[in-house]
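In what follows, a single structure is set out as structure tokens and then discussed.
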Amino acid sequence: MTLLYKIGFLEISWIDILDILLVSFLLYQLYKLLKGSIAVKIFLGFLSIYLIYLVVKAAKMELLTAILGQFIGVGVIAALILFQQEIRKFLIIIGKTTAFNKSFLKGLLWKKSSQPNSDGLNLNPVIESAKILGGTNTGALIVFAKSSELKFYAESGDLMDALISKRLLIAIFQKNSPLHDGAVIIANNRIKAARCILPVSENTDLPAHLGLRHRAAIGLTEVTDSIVLIVSEETGQISLAINGKIHTNLSKSELKQKLHYYLFEDEEKIKEGEKEEIEN
């Protein structure tokens, strides 16, 4: 251990600085996850109980210490159960920010599902159907899978594996259709499933006017890198949910431009970066 400098009786080394930086990074990611969600209140509740436990232990209140001690003893298991969604999101964020996520091994293991929106995806039927549905105030949720085929969410609905068609999309989301209530998932240039259930975002900072359809779209993009197109049933406006954020009231040209960028240009940049890593 190389000594960097000394403050009183404390000896600071490079390892200590690295340790502090890593802990700061983890705490920052934890803050981003908990911010605006009900998990903050649960975390504060756990923290309060632990502080009370320290106080009663210092005061030598044996009975209360024993009771709270039993609770603290199973605290890790309780935290895993209560914070399972936040822990899952945390691991996804770590996975996205590590070099391993872009490594050769990833391409080897997930090669089949790593290009669900590669060359061949025709956006015109989707955009045209969205405009028609918006004109009649017919709600719709259309998911574009990227690095994952979203099999878990696809299996929550009705599997289709159909060609992308404007008429088919319009028929699915008609209010009298048995498939209209839920999302359509597009992967590998095909409609994989309809009537799919998406996870609803728990972010309490979202505007109050956003309904369940918009919150479900945001929720999916918080835990995956997919892109979700939303047609509002109330206003007919078209929106896009990307990386946990929503772009509302898009025109046809804006919708086409954003879809093209996030599905094709952004993917090409990632491929170029992976190619440079391999060459280096």
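Coordinate-derived values only; no laboratory data. This structure is a prediction, so every number in the text was calculated from the model and none was measured. No Cβ is skipped: glycine too gets one built from the backbone with ideal geometry, and neighbour counts run over all protein chains shown.
Projected over all directions and averaged, the alpha-carbon convex hull of the stretch 145-257 occupies 7.0 nm². The length gained on full extension between residue 190 and residue 175, counted as 0.36 nm times the residue separation minus their Cα-Cα distance, comes to 3.1 nm. For the stretch 125-231, the set of trypsin sites (Lys or Arg not before Pro) satisfying both a DSSP loop assignment and a count of at most 14 other C-beta atoms within 10 Å is given as 175.
Phi angles of the stretch 151-156 translate, via the Karplus equation with coefficients 6.51, -1.76, 1.60 and θ = phi - 60°, into HN-Hα couplings of 4, 4, 6, 5, 6, 6 Hz per residue; Gly and Pro are given as x. Checked against a 21 Å cut-off, the cross-linked pairs 131/151; 131/166; 151/252 give Cα-Cα distances beyond that limit for 131/151; 151/252. Computed from phi, the 3J(HN,Hα) profile of the stretch 168-181 under the Karplus parametrisation 6.51, -1.76, 1.60 (θ = phi - 60°) reads 5, 5, 5, 5, 4, 8, 4, 4, 8, 7, x, 9, 6, 8 Hz, with x in place of Gly and Pro.
Pairs spanning more than 24 Å between alpha-carbon atoms, out of 175/245; 175/258; 146/258; 146/175; 146/245; 41/146: 175/245; 175/258; 146/175; 41/146.
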